[in-house]
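Peer 1: Mind looking over this structure? Questions follow.
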Amino acid sequence: MMKIFTSNYFKIGLYLLSFFYMETALAQEEQSDIEQSVKENQLNMDAVFSRPSLSFEKVPVALGGYLEANTMHRIEEGITDGLSFQARRLTIFMAASISERIKFLTEIEFENGGKEIAIEFAALDVAFHPMFNLRGGIVMNPIGAFNENHDGPKWEFVERPDVAVNMLAATQSNAGFGVYGKTYSGNWIFGYEAYLTNGFNSKIISNEEDKTYLPAYKDGDNLFEENFSGKAMFSGKLAFKNRKIGELGLSYMGGAYNKFEEDGLSVEDKARVNVFAIDWNTTIQATNTYIVGEAAFVKVETPESYTPQYGNKQHGFFMDVVQPVYKNKIFEWEDATFNIAARFDYVDWNVGKFKESDTNIGDQLLAVTPGISFRPTPKTVFRINYRYEWQKDIINNPAERAATWYMGFSSYF
Amino acid sequence: MKAKNLFVISLICIPILFSCEALAPQEPEEYELLDGPVENLNQAESIRFIEGDKAFNDQIFTKETGLGPIFTGTSCVSCHAGDGKGHPFVSFTRFGQDLPGIKNFLDQGAPQLQNRAIPGYEPETLPSGAPHAELLAPIVTGLGFLDAVSDEDLLAMADPDDLDGDGISGRVHWNDRPDYVKDRPGTISKNGKYITRFGKKANVYDLLHQTADAYNQDIGINSYYEPYDTYSGDKVQPEIDRKTINDVVFYLKTLKAPIPRNQDNPEVVAGKALFENTQCTACHKPTLRTSYSPITAISYQEFHPYTDMLLHDMGPELDDGYTEGYALSSEWRTAPLWGIGLSKDSQGGEYYLMHDGRARSIEDAILLHGGEAENAKNKYQNLSQQEKSQLIKFIESL
C-alpha cells in the first residue's frame, strides 16, 4: 500500500488554493512558484480545476471561461461552400469554496450562438482525504483524456479530435456520483476516478448518422433527470504520471444502453455498450516536443437481426505533436511562443466484415492536420490549421476527400 | 521582436500554408461520376433536384422517424451509394411467385422479405419451399430518359414471336399497375393491362410506383401512396409526405445519363464493333429516344442506355424459379449497360453484376447469359483473347 505523506496534503492544499485564489481581480499574468508546483503535480483528471480564473476579495467565488472563434474554408472533392466565420463556443466556469472541504464548480457552454446551452459540469466535491474525495452532480465521465481536458485554449487545433468527439462523445457529462483521489511517491503520481452515472440511450444505434454513434445519446430527452436504461453506467480511470516521462491513463465506461423493460415487461434484449480508452502525454525534454494522444475501443451489443449499418465494434485514435520553434518576448508578452504542430486522426466506426460478401466494412475516417500556433501567453492561442481528410463510406467506395482551412483563436478570459 | 526572427518564422510558416493549398482535392471529372443532374434544368427544376437529392442521399430513417419495424435498408442511399448499383450487404429477397400472375405467400410477407428489424422485433424469414430470388439494387442514373421512352417505341422493339428469326424474342410486360400512378404521355393499355418497364422483371410502371414501393417495402415507410404497414398489414398514417416522395421521383428523373469514357481508344473502338458483331446489340440497344416529357431537358432526346427494356428468356442458368407480374421465371428485363464501368465505385471496389450480384466480372456476366442470348454468348466465347479484352474494355467504357 502506498504511503501517504503529510506533504501530499500540502500539495493538494496548494493545488486547490491556486485554483480558488489563483489571481486577483487585476488578473496578474505571472505564474507563481505555487502554480508551477501545482502544474507538475497535475493529471488530466485535474483539468477541470486547472484553469485561470478571476477571484474577488471577500467573495468565495471564482469566475472564468473561454471563447473560441475561427474562420473555416472547406473544399470537398473540389466543391466548396465558401468561407464561414464561426464563433464555436463560449464557455463560462464558476467555482465556489463553500467550506473548508466542500467545493463547487460548474462549466456552462454556449454553442451555436446560444441556441445550444449545455451544463458540461456542475459538481459538488467533498474532500475527505487526498485519496478519497466525493463528487456528485453533473460529472464528466473520465473516459480518455480529452473529455475531461477539452478547453480550447489548451489545444493547437480548431477542430476537436474525431475519436474524442465523434466516436466517443466528448464532452460527455452525466448526472451521477463517484469518488476520486490522487497520491504521490517520488516522481510518480497516481490518480483514480470512479463514477456511477446515467448512461447512454438507444439513439446510439438509431440516429441520422446511420452508424453506431455514441454522441447521438445527447439527442435524448431528460438526460440529467432520467436514466434511459434504468441501470447505472460505470466509468472509471486509472492514471499514472512520472514527472520526467509523462502520463498514461487507462479508462473504461460501460453499461446497458437500451430500455429493455417497460412496465415490468421485457421489450428488448438487454444490450450493453463497453468503452475502453488509453491516453498518454509526454514532453521530450531534449527538443521540448509535446506529444499527446488517445485511443479508444467501443463495443456495442446490437441485435443480430438489426442492420450492419450500425456496427458493434469501433476503434480510433488521435495524436498531436507540438513543437515550439520560437520563444521570446514579443511586444509586452514575455515568453510568447510560436509552435508548429500536427494532428493525426483515425476512426473506424464499423470494424468487421459483411457476412453477405465477406468484404471489409468501411466507414472510416483518416485525417492529417498540420498547423501553426502562436501563444502570446499560455492562456491564449492563435492558430492556423489545414486539415486533409479521407472518408470512406460503409461499403469501402473510394474515399471522399476534403481539405479545410482554419484560422482562429481560443482564449481564456 | 527582431526582424530576423520574424523572417525565420515567416520562412517556416508561409511555405507550409501555401503548399497545403495546392493539395486541396480537385473536383472529379463529370464523366467519372454517376450522380449529377441532366444539363439545362431551369432554376426551379434545379431547386427541386436538390430537394430530391437531399431526400435520396441524406435522409436516414430511424425507429423514431418510421424505420421498419421490419425493413431491408435504412435509406435510399444504403442501396444506391453514389446513385450506382447496390452492394450485397443490402440485397432484396423477393419470394412467393413462380408462375405468371399467381401470387402466393402473401400472408407470409410476400413479395419482399424484410430480413431486418428494429430492436424488439423479429424480421421475416423465408417460408419453407417458397420460390425466391435475390436482387441487388440497380443503378439509378438516367432513369428519367428510360421513363420517357414511349410505349409505342417499346412495342416497336418487341418481337415476341421472333418474326425476324434472329433468335431474339423480347416482349413488353403487360401488367397491372397501382391506382395512384398517372398515365405517361402516349400510354398504351391492353385488356386493362399496362406496359411496366422498371425493375429486374420489368414489373414496375414508373418511377413514382418504384419510389413509393421502395419506401414501403425496403425501409418500412408508409406513404399516401403505399399506406399499408409491412409488419402489421394495417393501413397507417403516412410517415413521409407526398412532396418528399415526388421530389425523389423528380430527382430520379433528372439524374444525368452516365457519360461514356475513352470512346476514342482504339481498343474501345474495336470492342464496340465486336459488341455489335456478336449480336449483343439485339437486346442491349445502343440508342433510344425519349418522347415528350414535361421536363424539357429530357423531352425528345436521343440517349445511349444499351437496353431495350424488354423481357427476354435468359435460360436455365438465370432461372431462379421466381417471377413477378406476368413474366416467366426465366425472363429478365435487359439491364441497361450504361455506367457499368463505374459501378465498382458504388460497390466497394468490386463488381457484383447480374440481378443478384453473382457475376464478379463482366466476363462472368457474359458467360451467365443463356436462352435468347445463348448465340451471343457463344460468339463471345469464340473470340480471341484480344478480342474478348477489347469487347470488355468497350463495356467498361459505357
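Peer 1: Report the residue count in the stretch A:316-334 for those that are touching a residue at least 40 places away in the same chain (Cβ under 8 Å) and surrounded by 17 or more Cβ atoms within 10 Å (Cβ to Cβ).
Peer 2: Selection size over the stretch A:316-334: 6.
Peer 1: Taking the criterion of being closer than 29 Å to A:Thr377 by Cβ and either hydroxyl-bearing (Ser, Thr, Tyr) or part of a strand (DSSP E or B) (or both), would at least one residue in the stretch A:163-181 satisfy it?
Peer 2: Yes; the residues of the stretch A:163-181 include at least one that is closer than 29 Å to A:Thr377 by Cβ and either hydroxyl-bearing (Ser, Thr, Tyr) or part of a strand (DSSP E or B) (or both).
Peer 1: Just give me the residues in the stretch B:29-66 being away from chain A (no Cβ under 13 Å), of a type in the set (Val, Ile, Thr) and either more than 21 Å from the chain's Cα centre (by Cα) or over 23 Å from A:Gly78 (Cβ atoms) (or both), in sequence order.
Peer 2: Of everything in the stretch B:29-66, just one residue is away from chain A (no Cβ under 13 Å), of a type in the set (Val, Ile, Thr) and either more than 21 Å from the chain's Cα centre (by Cα) or over 23 Å from A:Gly78 (Cβ atoms) (or both), namely B:Ile47.
Peer 1: Are any of the residues in the stretch A:391-403 crowded, with 19+ Cβ neighbours inside 10 Å, more than 9 Å from chain B (Cβ to nearest Cβ), assigned to a strand (DSSP E or B) and in contact with a Leu (Cβ under 8 Å, 6 or more places away or on another chain)?
Peer 2: Checking the stretch A:391-403: at least one residue is crowded, with 19+ Cβ neighbours inside 10 Å, more than 9 Å from chain B (Cβ to nearest Cβ), assigned to a strand (DSSP E or B) and in contact with a Leu (Cβ under 8 Å, 6 or more places away or on another chain).
Peer 1: Out of the residues in the stretch A:361-390 that are aromatic (Phe, Trp, Tyr) and buried (at least 18 other Cβ atoms within 10 Å of the Cβ), state the one that is farthest from A:Ile340 (Cα to Cα).
Peer 2: It comes out as A:Tyr388.
Peer 1: Now a separate question. Of the residues that make up the stretch B:106-115, is at least one assigned to a loop (DSSP other than H, G, I, E, B) and under 20 Å from B:Leu311 (Cβ atoms)?
Peer 2: The answer is yes, given that some residue of the stretch B:106-115 is assigned to a loop (DSSP other than H, G, I, E, B) and under 20 Å from B:Leu311 (Cβ atoms).
Peer 1: Check A:Lys182, A:Lys218 and return the single one that is more than 14 Å from every other protein chain (Cβ to nearest Cβ) and either of a type in the set (Ser, Thr, Tyr) or more than 19 Å from the chain's Cα centre (by Cα) (or both).
Peer 2: Checking each option against the conditions leaves just A:Lys182.
Peer 1: Here's another thing I want to ask about it. Of the residues in the stretch A:322-365, how many are closer than 27 Å to A:Thr282 by Cβ and touching a Ser or Thr at 6+ places or on another chain (Cβ under 9 Å)?
Peer 2: Of the residues in that region, 20 qualify.
Peer 1: Further, regarding this structure: Can you name the number of the only condition in (1) of a type outside the set (Gly, Ala, Ser); (2) closer than 30 Å to B:Gln114 by Cα; (3) within 10 Å of chain B (Cβ to nearest Cβ) that A:Val325 fails?
Peer 2: Here A:Val325 meets the rest and fails (2).
Peer 1: I'm trying to understand the selection: among the residues of the stretch A:193-215, which are within 13 Å of another protein chain (Cβ to nearest Cβ) and either without any contact (Cβ under 8 Å) to a residue 40 or more places away in the chain or aliphatic (A, V, I, L, M) (or both)?
Peer 2: A:Lys203, A:Ile204, A:Ile205, A:Asn207, A:Glu208, A:Glu209 - these are the residues of the stretch A:193-215 that are within 13 Å of another protein chain (Cβ to nearest Cβ) and either without any contact (Cβ under 8 Å) to a residue 40 or more places away in the chain or aliphatic (A, V, I, L, M) (or both).
Peer 1: Could we say that A:Ala194 is closer than 24 Å to A:Gly254 by Cβ and surrounded by 19 or more Cβ atoms within 10 Å (Cβ to Cβ) here?
Peer 2: no
Peer 1: Just for strands (runs of 3 or more DSSP E) wholly inside the stretch A:33-137: which have at least 3 residues that are within 17 Å of the chain's Cα centre (by Cα)?
Peer 2: Qualifying strands (runs of 3 or more DSSP E): A:59-76, A:79-99, A:102-111, A:116-129.
Peer 1: Quick check: anything in the stretch B:133-155 surrounded by fewer than 18 Cβ atoms within 10 Å (Cβ to Cβ), farther than 30 Å from B:Pro260 by Cα and not small (Gly, Ala, Ser)?
Peer 2: Within the stretch B:133-155 (the criterion being surrounded by fewer than 18 Cβ atoms within 10 Å (Cβ to Cβ), farther than 30 Å from B:Pro260 by Cα and not small (Gly, Ala, Ser)), the answer is no, since none of the residues qualifies.
Peer 1: Of the residues B:Trp332, B:Trp338, which single one is in contact (Cβ under 8 Å) with a residue 40 or more places away in the chain, assigned to a strand (DSSP E or B), buried (at least 22 other Cβ atoms within 10 Å of the Cβ) and within 21 Å of the chain's Cα centre (by Cα)?
Peer 2: Checking each option against the conditions leaves just B:Trp332.
Peer 1: Which one of these is among the aromatic types (Phe, Trp, Tyr) and touching a helix residue (DSSP H, G or I) at 6+ places or on another chain (Cβ under 6 Å): B:Tyr300, B:Tyr322, B:Tyr380?
Peer 2: Of the residues listed, the single one that is among the aromatic types (Phe, Trp, Tyr) and touching a helix residue (DSSP H, G or I) at 6+ places or on another chain (Cβ under 6 Å) is B:Tyr380.
Peer 1: Now, a different point. If B:Glu226 meets every condition in (1) closer than 25 Å to B:Arg171 by Cα; (2) among the charged types (D, E, K, R); (3) in a loop (DSSP other than H, G, I, E, B) apart from one, which number is that one?
Peer 2: Failed condition: (1).
Peer 1: Any idea how many residues of the stretch A:246-287 are free of Cβ contacts under 8 Å to residues at least 40 places away in the same chain, in a strand (DSSP E or B), aliphatic (A, V, I, L, M) and within 14 Å of chain B (Cβ to nearest Cβ)?
Peer 2: Adding up the residues that qualify gives 1.
No lab work stands behind these numbers, since they all come straight from the coordinates. Computed from a predicted model, the values in this text were never measured in an experiment. No Cβ is skipped: glycine too gets one built from the backbone with ideal geometry, and neighbour counts run over all protein chains shown.
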